[in-house]
Amino acid sequence: MSAADDAGQAAFDETSWTHRCAELAARARGRSGAVWELYVRNLSEVIDEVLPTVPSAARRRAVEVAREFGYELRADIDTKLQPPFTSADLLPFRSCVLGRGSDDEND
């Protein structure tokens, strides 16, 4: 690891990034209604726009934090939207599409 990488990691403020992700998530929710897929797409687009401002040494951790809010990599979203797919492919934690909890609970 170079000195520049050390400086980049030190310059990354995880608390500020978490607050920024929460702010972006709130905006994405406001533009997405109750549609999870649209929320993920909207959130991911804005995170992708601001992610380059994060020092390269800290981007992996920044992505991990963003995923806690529903962020998905563009490639992952595109893969999930390849036919055949259902909205259940995009739901978190293998949730029931009818809102009845996880698939495991309904078996």
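The values are calculated or read from the model by the stated rules, or taken from the named source; none is laboratory data. Note that this is a predicted model, so its numbers are computed, not measured. Quick reminder, even Gly has a Cβ in these numbers, built from the backbone with ideal geometry, and neighbours come from all protein chains shown. Heads up: the accessible areas ignore ligands, DNA and RNA and are worked out on the full protein's heavy atoms, side chains in. Shrake-Rupley method; radii C 1.70, N 1.55, O 1.52, S 1.80 Å.
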- Rough spin-label spacing in nm, given labels placed 7 Å along Cα→Cβ, for Ser32 and Thr53: 2.0
- Message: Please report the carbon-and-sulfur percent of the accessible area for segment 25-74; probe 1.4 Å, protein heavy atoms only, DNA, RNA and ligands left out.
- Response: 52
